[in-house]
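Only one structure is covered here, and it is reproduced in the block below.
The values are calculated or read from the model by the stated rules, or taken from the named source; none is laboratory data. The structure displayed is predicted, hence computed values, not measured ones. Glycine also receives a Cβ, built like all others from the backbone with ideal geometry; neighbour counts cover every protein chain displayed. Note: accessible area is taken over every heavy atom of the protein model, side chains too, but ligands, DNA and RNA are not part of it. Shrake-Rupley method; radii C 1.70, N 1.55, O 1.52, S 1.80 Å.
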Amino acid sequence: LQRMEKELVGMEAVKKQIRNLVQTMKYAKQREKMGLGRSGIHNTHLLIGAPGTAKTSIGKLLGNVMAEEGLLPDNRFISINGADLKGKFVGHSAPKTHALFEQYDIILIDEAYSLTSGLRGEVDAFGQEALAQLMIELEEHAMDKLVLFAGYGGTGVAEKDNRMKNFLMANPGLKSRINTTIFFDSYTPQEMVQIVHCQAKLQKYMLSEEADEMIREYFAERSKTEDFGNGREARSLLENTVISAAARVMELPEKKRTKMVMQ
């Protein structure tokens, strides 16, 4: 939880939901120890939002926190694409999905809608088989596994891109097994400045204060576009900045290429 507060920019509402989820699971476990029965809360959650809004990072962190608190048997983590649950032939999807729950404690299924999107938007036989087995696994492992479905959707996403909505409609039992929906909003231009600074610090670069306003103005424009990639664009901007810096610095005489200049 301390890492979440320290490492992730913004997302205060998301962080609050994560803290509440952990407290709820700890509460349920303590009640069980007191002989008050098992909780009926499913440990299955939906992470939806625009691209590049740290859905996978939050999923990993939530899994680590729950393992740390003894709420999961272990913290064996896997992140897969929804389409990866589909087998290569009829009868292969069900055992493939079952094996996933045998081998891992934290299962993040990214682009979950790719499981249910076949030709002409219909669920194909492989998807239906995987989905049917998934319903069985979600019921059987409601408390001892953490399952996260992630993908594009929510209020900040255009209706045509709200693919998670179609995913939830693919099977009547799916929505009832999901305990919590966590919405990931796009980053503000000021938060993007902070993310660029974080990325730079990781790579041992220093940015001048004068650069901050230029970065903020740049993302104020980029965030208005449909293909805005949020956090991923911070990395992209930094990479392009490094290319410019390299061209400039390598033109200097070698004795002027000090450690400070290289940063």
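Quick look at the values:
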quantity	calculated
Output for segment 192-220, where each listed residue is among the acidic types (Asp, Glu) and in contact with a helix residue (DSSP H, G or I) (Cβ under 9 Å, 6 or more places away or on another chain)	ASP212, GLU213, GLU217
Helices (runs of 4 or more DSSP H) (entirely within segment 182-263) containing at least 2 residues that are open to solvent by less than 60 Å² (accessible area, probe 1.4 Å) and in contact with a Gly (Cβ under 8 Å, 6 or more places away or on another chain)	189-202, 231-249
Verdict on ILE195 being hydrophobic (A, V, I, L, M, F, W, C), farther than 16 Å from SER236 by Cα and at pLDDT 80 or above	no
Residues located in segment 8-29, provided they are open to solvent by 20 Å² or more (accessible area, probe 1.4 Å), touching a residue at least 24 places away in the same chain (Cβ under 8 Å) and assigned to a helix (DSSP H, G or I)	ALA13, GLN17, LYS26, LYS29
Restricting segment 40-59 to residues that are out of contact with any Asp or Glu (no Cβ under 7 Å at 6 or more places or on another chain) and surrounded by fewer than 17 Cβ atoms within 10 Å (Cβ to Cβ), the residue that is modelled with the highest pLDDT	SER57
Residue list for segment 113-132, filter: modelled with pLDDT of 85 or more, surrounded by 19 or more Cβ atoms within 10 Å (Cβ to Cβ) and closer than 28 Å to LEU62 by Cα	ALA130, LEU131
Looking only at segment 19-55, and only at residues there that are charged (D, E, K, R) and over 20 Å from THR181 (Cα atoms), the one that is farthest from the chain's Cα centre (by Cα)	LYS33
Close pairs (6 angstrom Cβ cut-off, 6 or more residues apart or separate chains): under 21 Å from PRO51 (Cβ atoms) in segment 204-224, open to solvent by less than 70 Å² (accessible area, probe 1.4 Å) and assigned to a loop (DSSP other than H, G, I, E, B) anywhere	ARG222/PHE228
Residue within segment 90-100 that is part of a loop (DSSP other than H, G, I, E, B) and open to solvent by less than 80 Å² (accessible area, probe 1.4 Å) present	yes
Close pairs (9 angstrom Cβ cut-off, 6 or more residues apart or separate chains): within 13 Å of GLU7 (Cβ to Cβ) and touching a residue at least 40 places away in the same chain (Cβ under 8 Å) in segment 186-201, in a helix (DSSP H, G or I) and open to solvent by 60 Å² or more (accessible area, probe 1.4 Å) anywhere	ILE195/ARG235; CYS198/GLU7
Residue match in segment 30-37 (condition: assigned to a helix (DSSP H, G or I), without any contact (Cβ under 8 Å) to a residue 60 or more places away in the chain and under 17 Å from LEU148 (Cα atoms))	no
Single residue of ALA83, ALA67 found to be within 18 Å of MET143 (Cα to Cα) and either of a type outside the set (Val, Ile, Thr) or exposed (fewer than 13 other Cβ atoms within 10 Å of the Cβ) (or both)	ALA67
